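Some notes on the structure that comes next.
The values are calculated or read from the model by the stated rules, or taken from the named source; none is laboratory data. Only a predicted model underlies this, so the values are computations on that prediction, with no experimental measurement involved. For neighbour counting, all protein chains shown are included, and Cβ atoms are generated from backbone atoms with ideal geometry for every residue, glycine included. Side chains are part of the model used for accessible areas, which takes the heavy atoms of the whole protein and leaves out ligands, DNA and RNA. Shrake-Rupley method; radii C 1.70, N 1.55, O 1.52, S 1.80 Å.
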Amino acid sequence: MRIHAVLNRGGGTLSTMDLDALSARLREVMTRAGHDTEVRIVDGAEIVGAIRDACAHPQAEIVLAGGGDGTVSLAAGLLAGSQKVLAILPAGTMNLFARSLGIPLDIDAAMLALAYGRIRNVDIARVNGRPFVHQFSIGMHPQLIHLRSRMPFHGRIGKLLASARAALATFRNPHNMEVALTFGNAEMITTTSGIGITNNLFGEGHLPYADKPDGGVLGIYIMRAEHRSDLLSFFVNMGLGRWRRNDQVEIHEAEEVHLKILSASRQLKNAIDGELCPLERDIHVALQPGSLRVLVV
């Protein structure tokens, strides 16, 4: 098959690698498996245009995105509903969607697995039309990402350490908001420090990612922590992958969710697959079951 690969030079793992050598290795592995591969290496500022070019190329049958969940999310949104296939070279900090698909996290192992992989249809979700493959969130998670973005760090380990420092600062000063939610036959108004809407339900006992990427539901996670001790319990349980047994989280599932931000206007943000965006006050989230073709092991 014809593969167009885009490698994000600023991706967590890729930022410390010899990308010319990696590109040569990628071409070699794919050629041995019978694929014709073009590789483009770009800086973070160029990633959007490069991914768009690869997805739009008439000869591209597979678009390989090398980077983190933000890079993957962009490619997935452009490919969803088409016959083209998304391949993921996991090179971000957490690589949560790659984990959900069972792709090896080691770069060499991932290349070999993808070279002989199979095509699978999985779900994608959209928030006000914008795609996401992992999670849309408001409240504490975007607050943490915003704080981390103001901290100097380099590479994957540096980003993890910065995330830990940002989580501690968020823990000390969480922002509550009043939100109205409608999903299925349910309507509720709640005050919460965080809501996450996920592309399928998180699995148990590991990092927050879905065990079934084709499960056909949105996960709705509403934080119920009222005191700092509750927040501490929430973070501990999240780290251990305890969701169903986490008293600080209320969990629902639906195929469509409508949110309205009722709190007084201020410069709030949301996070879409780890990328900060301005928070709209009227939010519609919908699942698109089976609309994304991906390469898996």
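General observations
- Cα centroid separation, region 8-22 to region 192-264 (Å): 32
- Pairs of lysine residues in the chain - Cα separation under 29 Å, sequence separation of 8 or more or cross-chain: 6
- The chain: projected area of the alpha-carbon convex hull, averaged over directions, in nm²: 14.4
- Net +/- balance of residues flanking Gly70 in space, Cβ distance below 10 Å, scoring K and R +1, D and E -1: -3
- Helical segments meeting 20 Å axial Cα length and Kyte-Doolittle 0.0 threshold in the chain (DSSP H): 155-172
- Exposed trypsin sites (Lys or Arg not before Pro) absent - longest run of the chain, DSSP non-H/G/I/E/B, at most 13 other C-beta within 10 Å: 1-149
- The chain - percent relative contact order, Cα under 8 Å, separation 6 or more: 22
- Computed over the chain with a Gaussian network model linking Cα atoms closer than 10 Å, the most mobile of Pro142, Pro58, Pro104 is Pro58.
- Backbone geometry of region 193-202 corresponds, through the Karplus equation with coefficients 6.51, -1.76 and 1.60 at θ = phi - 60°, to 3J(HN,Hα) couplings of 9, x, 9, x, 10, 10, 7, 6, 6, 5 Hz, x marking Gly and Pro.
- Surface share of carbon and sulfur [accessible, 1.4 angstrom probe, percent] for region 175-294: 47
- Over region 181-253, the Kirkwood radius and the radius of gyration, each from Cα atoms, give a ratio Rg/Rh of 0.97.
- Antiparallel content of DSSP bridges confined to the chain, in %, to 5: 75
- Antiparallel DSSP beta bridges within region 1-63, percent to nearest 5: 0
- Mean accessible surface per residue for the chain, computed with a 1.4 Å probe while every protein chain stays in place, in Å²: 45
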